[in-house]
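Colleague: What follows is a structure written as structure tokens; I'll ask about it next.
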Amino acid sequence: MAAPSARLRRFLFIVFAGVFAGVFAYSLAPVARAAATDLNFTPAQPRFENVALEAGVEHVYGGSWEHFTGGGMAAFDCDGDSDPDLFFAGGGNPAQLFRNDSRRGEGLSFTRLSDAAPSDRAVTGAYPLDFDADGEMDLAVLRIGENRLYRGLGNCRFEAADEQLRFNGGNEWTTAFSATWEGDNRMPTMAFGNYVDRAVWDAIHTAFGTDNQNRNSSLNTCLDNYLVRPAGATADRFAAPIALTPGFCALSILFSDWDRSGKRDLRISNDQYYYLPPGEEQLWHLAGEPALYSPEDGWQSVNIWGMGIATHDVTGDGYPEYFLTNMMANKLATLGNGAAAGPRFVNMAGSAGVVAPRPYAGSDQDKVSTAWHAQFADLNNDGLVDLFIAKGNVDEMEEGAIEDPNNLLLRQQDGSFQEVGLRAGVGNMDRSRGAALVDLDLDGRLDIVVVNRRANAEILHNQSDESGHWLQVALRQGGGNVNAIGAWIEVRAEDEIWRQEVVIGGGHASGQSGWHHFGLGGEDDAEIRVQWPDGMWSAWQPAGSDRFITLTRDGYTVSATFGPGGAS
């Protein structure tokens, strides 16, 4: 996406003509009716207030053209008090870690840390994962240059772990990350998505300017992605990287169990501007040697200016849908004929109302909107999952909207989504990039953290009134995969079931770890079960509501409950 401002001129007519046809069968997939929670429950309208400066958060994602992309963050608990601390990529500025000192009912408060906290420059994003299974969250830090792994030492202290883990961080322009555990491996399998080859960047634009269609096909500007596996099932170090060739300028990648088969495949969203035919979106399976899904497997070619991936079981059919951010018209991919037909996805963005091709406010509503990070979550606890999209001009593209507010698409009872960003207080006009939807003060209501290019980060405190019931869940198991990455969590109340897949990756250069949030609407007596990464199901067990629980293989513990009197 780091193209000169004239990049859109050559394709706007094509986009306008073809966007509603799409590469997927546009709007052919019906929208499943949303869960009908307690009819006596009236959901609150979400209301957020940006409290970044008063909360002590001052951070800007800056830098030159190389930092048009990236701008991610990691939200995770690094000091053992259960609330999420915040690590911000800085681009041309140093990365920064902020400890969360907030207390429920007393507002949000953060302290910037410097000692023993990663503060590299050229950081594009970060993802938390416990790669050594010691209970302290570690960090994968993405950079323009050598990527780095940091081991968490507790109390928000970190040490570089690359040499000890024999991790080869490369020297690429890395903009995407995902991780999973294969089998009983002690260590994770990690995938790194790489963007433009800087060595040929100048040659391409000197010779061909912005005419991507006519440039010499030998000048391939996209870097290969790579897969990093453990050196063995019980190894505590990594093997040499495996190239995932060809690479088509990835901006988001995600390991996900798209067909509920128990295996996690790697979906890659690529920036169409920089690759030549036969470039496209990609889906890799990892059994044995990595290999791409082909048309014979059911895969359909998709070409978009892809920047972010968000996943959720939106339709309630038990399979994950994938929201793919794009320039102008976003996609929402659902399995068209179930898993038996292979990865044959249909675009349901139009019928769901999540295309969001243009700004809904500001002076540039006749221009193309540019979407980056996206995330599904229930932001008013009404039992219906909502969708947040961070938006912002690449830099100064004349054809793209400069005033391009972030979206908050609120799910309705009929299954469609409705834009409420402006009245909810999230419609900032800065150039947003990465984000996280997390409960910063552990009050049961999700807050929004947004990273902005050349502007201060936003801490959007959720101050919605009369929101519904909720449940927040953490998973723990033995072995290397202590946080049960790859599991599926199911929560039910009355006739409704809510599902979430536990993943690391996706978004735009932004990851989070910790509590998995479920809005319950008017239901106050939920049950819970888990399909663990090895495919085994736990039994349904009572979970109640308005509490944090940690679920293990042999039961669960209640971490905290909240009632009229506060925490107990």
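Colleague: Using per-residue counts of other Cβ atoms within 10 Å, averaged over each peptide, order 512-524, 324-336 from highest down.
Modeller: Details: 512-524: 22.2, 324-336: 25.0.
Ranking the peptides 512-524, 324-336 by packing returns 324-336, 512-524.
Colleague: Sorted by average packing, counted as other Cβ atoms within 10 angstrom per residue and highest first, what order do 488-500, 183-195 take?
Modeller: 183-195, 488-500
Colleague: Just the number please: accessible area per residue for segment 396-527, 1.4 Å probe, all protein chains included, in Å².
Modeller: Heavy-atom SASA per residue in segment 396-527 reads 29 Å².
Colleague: Let me check against my output: what whole-number percent is the relative contact order of the chain, with C-alpha pairs under 8 Å and at least 6 apart? Provide the component values of the computation, followed by the final result.
Modeller: On the way: 1684 pairs, mean separation 100.8, N = 568.
RCO, the chain: 18 percent.
Colleague: What shape does the chain take by its C-alpha gyration tensor, where a ≥ b ≥ c are the square roots of the eigenvalues and a/c under 1.5 counts as rounded, a/b above b/c as prolate, and the rest as oblate?
Modeller: It is rounded, given that a/c, with a ≥ b ≥ c, falls under 1.5.
Colleague: A further question follows. Please give every one of the aspartates and glutamates within straight-line cross-link reach of residue 367, meaning a C-alpha to C-alpha distance under 13 Å, and leave out same-chain neighbours fewer than 8 residues apart.
Modeller: 396, 398, 399, 403, 404
Colleague: Can you pull the percent of the chain's accessible area that's carbon plus sulfur, 1.4 Å probe, other chains left in place?
Modeller: 47 percent
Colleague: Apply the Karplus curve 6.51 cos²θ - 1.76 cosθ + 1.60, θ = phi - 60°, to the phi angles in segment 246-251 and return the couplings in whole Hz, x for Gly and Pro.
Modeller: Each residue of segment 246-251 in turn: x, x, 10, 6, 6, 10 Hz.
Colleague: Sticking with this structure for a sec: Filter the chymotrypsin sites (Phe, Trp or Tyr not before Pro) in segment 362-398 to those in DSSP coil with at most 11 other Cβ atoms within 10 Å of their Cβ, and list the result.
Modeller: none
Colleague: Among residues other than residue 489 whose Cβ falls under 10 Å from its Cβ, what is the net charge (Lys/Arg +1, Asp/Glu -1)?
Modeller: Surrounding charge for residue 489 is 0.
The values are calculated or read from the model by the stated rules, or taken from the named source; none is laboratory data. Nothing here was measured: the structure is a model prediction, and the numbers come from that model. Note that each Cβ is placed from the backbone with ideal geometry, even for glycine, and that neighbours are counted across all protein chains shown. With ligands, DNA and RNA removed, areas are computed over all heavy atoms of the protein, side chains included. Shrake-Rupley method; radii C 1.70, N 1.55, O 1.52, S 1.80 Å.
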